[in-house]
Amino acid sequence: MVAMPVWHLRDYHDDDLDQAIQIWDQSRQADEERVFPVSEVMAAAKAGQTAVVAVVGDELVGMAVAQAYEKRGWILLVALASRWRERGIGSALLTELERRLRAMGVRHISALLPAHAAGAKALENSGYRFRDDLTYFEKLEPPGAANADVLAALGGRTLPGGLWDAMAGMEREKQVVERRVVLPLAEPALADRYGVVPPKAIILFGPPGTGKTSFAKAVASRLGWPFVELFPSRLAADTNEGLAAALREAFADLAELDSVLLFIDEVEEIAGARSGKAVDPGHGVTNELLKLIPVFREHDSRLLACATNSVRSLDAAFLRPGRFDYVIPIGPPDPTARAAIWSRYLGSASDSVDVSRLVKASELFTPADIEFAARKGAQAAFEREVTHRQDQPVTTGDYMAAIADTRPTLTGQAIEEFTEDIETYSRL
């Protein structure tokens, strides 16, 4: 006879957050709307309210959270991992919650759950009385208001429409991103009909300034999803608990949004190749991100887009299939793309300027370099007019001078390394 694993109870720790959210998801029925949202429950647990978990080894299999108001306590959550139900864990969690609440002077403990919610049976088995003589009233915020609060707290925003169409040139990259990423997410029912699984996480790699951030924003604009950018350096500065804890908290907040494109630029800062030494300070952060990505992938209408200038510096486990669906190169613009980018920034001046000369002279320019040179050329013409008042339009020479005075971001070596990286890391 095989012995059943032994579970035991302990206090909730901040490190339990990702597993706790997974259990919360497992405890919900498909169409069930919780009275207390996960963000409120986890905020209560983090703030020191009564929170107990059940564990088997390192695996968290159950959790219960309660909040005390003077002599009354409210049970906010009783959640069990699906394969650990009907084993008395829920009743044991409730008993421990009651013991702690009574020690705080609580004499009246209440629980408000959706009908047939996980935890209801444990409440009945623990002596709680079901009351059908009560009517529950609730006033909801206007649609989207809760999302707006979470989005604002994360520094996110809803981007204007049309950013995708405004991406000048880069047609090769746009075609790949549209077919592999945008269309399955924009038409999930049709994708499901053909057995296409919409992507949940992608990596964009390429030299600096080639438009990786612009692509991520354009995808969010095209889908109509909120855009949230996480800055590792800012997360570390905003918390005293360390970057790993800040990442956990940010990902927990993201779970409250109905849809989101999460963008992490220069992801090598938190997912660089680990040294293999236990004392490596980067281990904890990289490990935490590796644990958070599978949880993020469990939700629909979510896309994680990570960008890096140095894909070869990323940890091998980070690049492994199963975490990221596609690893997409975003390269320097070819002549056709440079012509389109120049035309975009020249505006009406493109009719009187030799665009082909500008394209040839800006061979190593990124889209950002072209934008800078175009502004610089227009500024020179503007200053000339202000000084001499000759009504002379901007000329090809103005832009050629601006190109000569602009240091290109790209180098021959950078392009050579990028070409090698496409062969080694690209996954489309």
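The values are calculated or read from the model by the stated rules, or taken from the named source; none is laboratory data. These numbers were taken from a predicted model, which means no experiment stands behind them. As a convention, Cβ positions derive from the backbone with ideal geometry for all residues, glycine included, and neighbour counts pool all protein chains shown.
For R312, state whether it is among the basic types (K, R) and over 30 Å from E33 (Cα atoms). So that I can check it myself, show each step before the final result.
Values: among the basic types (K, R): yes; over 30 Å from E33 (Cα atoms): yes.
Considered against the rule, which asks whether it is among the basic types (K, R) and over 30 Å from E33 (Cα atoms), R312 comes out as yes.
Considering each of L257, L247, L261 in turn, give the residue that is in a loop (DSSP other than H, G, I, E, B), modelled with pLDDT of 85 or more and surrounded by 19 or more Cβ atoms within 10 Å (Cβ to Cβ). Please lay out each step first, then the result.
On the way: L247 fails: in a loop (DSSP other than H, G, I, E, B); L261 fails: in a loop (DSSP other than H, G, I, E, B).
One residue alone meets the criteria, L257.
Residues I370, I341: which one is part of a helix (DSSP H, G or I), in contact with a Gly (Cβ under 7 Å, 6 or more places away or on another chain) and either within 23 Å of P207 (Cβ to Cβ) or not assigned by TED's automatic domain parsing to the domain that holds P184 (or both)?
None of the other options fit; the residue is I341.
Looking at the range 378-408, which of its residues are free of Cβ contacts under 8 Å to residues at least 24 places away in the same chain and touching a Gly at 6+ places or on another chain (Cβ under 7 Å)?
Passing the criteria: only D398.
Residues being on the phi > 0 side of the Ramachandran plot and part of a helix (DSSP H, G or I): count how many of those fall in the range 291-316.
0
In the range 101-122, which residue that is without any contact (Cβ under 8 Å) to a residue 40 or more places away in the chain and part of a loop (DSSP other than H, G, I, E, B) is nearest to R28 (Cα to Cα)?
Filtering the range 101-122 for residues that are without any contact (Cβ under 8 Å) to a residue 40 or more places away in the chain and part of a loop (DSSP other than H, G, I, E, B), the one nearest to R28 (Cα to Cα) comes out as A115.
Right, V52: of a type in the set (A, V, I, L, M, F, W, C), over 27 Å from the mean Cα position of the chain (by Cα), within 15 Å of G90 (Cβ to Cβ) and not in a loop (DSSP other than H, G, I, E, B) or not?
Working: of a type in the set (A, V, I, L, M, F, W, C): yes; over 27 Å from the mean Cα position of the chain (by Cα): yes; within 15 Å of G90 (Cβ to Cβ): yes; not in a loop (DSSP other than H, G, I, E, B): yes.
Judged against the criteria, V52 is a match.
In the range 181-193, is there at least one residue being under 17 Å from A307 (Cβ atoms) and not β-branched (V, I, T)?
no
Kindly indicate which of A117, A103 is closer than 27 Å to P37 by Cβ, assigned by TED's automatic domain parsing to the domain that holds E33 and of a type outside the set (V, I, T).
On inspection, the qualifying residue turns out to be A117.
Suppose we filter the range 74-91 for residues that are within 15 Å of Y12 (Cβ to Cβ) and over 34 Å from the mean Cα position of the chain (by Cα); how many remain?
So the answer is 0.
Quick one: which residue in A404, A378 is over 39 Å from the mean Cα position of the chain (by Cα), over 30 Å from E178 (Cα atoms) and either of a type outside the set (F, W, Y) or surrounded by fewer than 20 Cβ atoms within 10 Å (Cβ to Cβ) (or both)? Break it down into steps so the answer makes sense when it comes.
Working: A378 fails: over 39 Å from the mean Cα position of the chain (by Cα).
So the residue among A404, A378 that is over 39 Å from the mean Cα position of the chain (by Cα), over 30 Å from E178 (Cα atoms) and either of a type outside the set (F, W, Y) or surrounded by fewer than 20 Cβ atoms within 10 Å (Cβ to Cβ) (or both) is A404.
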